[in-house]
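All remarks here apply to the structure that follows.
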Amino acid sequence: MRLVSTENKVKEPRITLVGAGPGDPDLISLKGIKALQTAEVVLYDALVNQALLNHAPQHAIKIFVGKQSGDESFSQDAVNKLMVDYALNFGHVVRLKSGDPFVFARGFEEIDFAESYNIETNIIPGISSATGVPALQKIPMIFGKLSESFWVLTGTNADGLLSPDLVAAARSSATIVVLMGIERVKEIAAIFQKEGKHRLPVAVIENGSSETEHIVIGIVDTIAELIEERQIKSPALLVFGDVVSLHPEFARIRDFYHVLEYPQD
């Protein structure tokens, strides 16, 4: 007598938010790779290195749900619904997000939405560009008397206005990392200038950790001009703080202003 398999092939829905890191595909965690290897569906963002999709099974469905600056092709609400729909129909969904899912990446909103459908969720943190990208350039967030704390802010808030926290940050002695602020760099620099920090060191890092990474080192008074001159574009982050003076390229800037203040006879 021949037995017919009655195995239920419907897989339990679950969603894993995975931080892909800042760009270099080698910077994802081992746990993140293991999650991708068991994915039925991968929903990935615009800044995710697509080489990471090779870790997912060949049969896995891979869907781009990212948006570049100014592009509203995939609203957060649409992404939330897609994520849940695929989990209910296919099983394990990996939501692959650049950087860390909980650092300005709306990860909590996605988890909260999924759990409203009683779907199992898990978080796998990633290296945030806010700290990882400056570190790759040997710029620490905290160092000796130069800085004892750091702030991470977005250049603009949900209404597209400059974040009011920038004013408080500029008044502090902390290292200030500004994400998504390069388009408003003149206005951001003006906030620091108003606090008398005209010569505060600044680093701008474009496409951090990727093969097309570019870095510009300057001071508050010159950084907007340098960005325009070097044609630095988004995605890029800004680092304001004395710790930027530790970068080798800052030495010539320091020497330049030393000559202006103490001219040779």
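The values are calculated or read from the model by the stated rules, or taken from the named source; none is laboratory data. Since the model is a prediction, treat every value here as computed from it, not as a measurement. Neighbour counts run over all protein chains shown; Cβ positions are idealised from the backbone, glycine included. Note: accessible area is taken over every heavy atom of the protein model, side chains too, but ligands, DNA and RNA are not part of it. Shrake-Rupley method; radii C 1.70, N 1.55, O 1.52, S 1.80 Å.
See the values below:
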quantity: Selection within segment 61-120 - loosely packed, with under 15 Cβ neighbours inside 10 Å, under 28 Å from Val177 (Cα atoms) and at pLDDT 95 or above; calculated: Phe108, Glu109, Asp112
quantity: Hits in segment 204-223 (condition: more than 24 Å from Pro22 (Cβ to Cβ) and either within 18 Å of the chain's Cα centre (by Cα) or assigned to a loop (DSSP other than H, G, I, E, B) (or both)); calculated: Val220, Asp221, Thr222
quantity: Among the residues listed as Glu206, Glu213, the single one being open to solvent by less than 30 Å² (accessible area, probe 1.4 Å), at pLDDT 95 or above and charged (D, E, K, R); calculated: Glu206
quantity: Among (1) within 23 Å of Ile215 (Cα to Cα); (2) free of Cβ contacts under 8 Å to residues at least 60 places away in the same chain; (3) open to solvent by 50 Å² or more (accessible area, probe 1.4 Å) - the single one Asp165 does not satisfy; calculated: (1)
quantity: Helices (runs of 4 or more DSSP H) contained entirely in segment 101-203, each with at least 1 residues that are acidic (Asp, Glu); calculated: 107-115, 165-171, 185-194
quantity: Whichever residue in segment 30-50 is touching a strand residue (DSSP E or B) at 6+ places or on another chain (Cβ under 7 Å) and open to solvent by 40 Å² or more (accessible area, probe 1.4 Å) and, among such residues, is nearest to Thr212 (Cα to Cα); calculated: Lys31
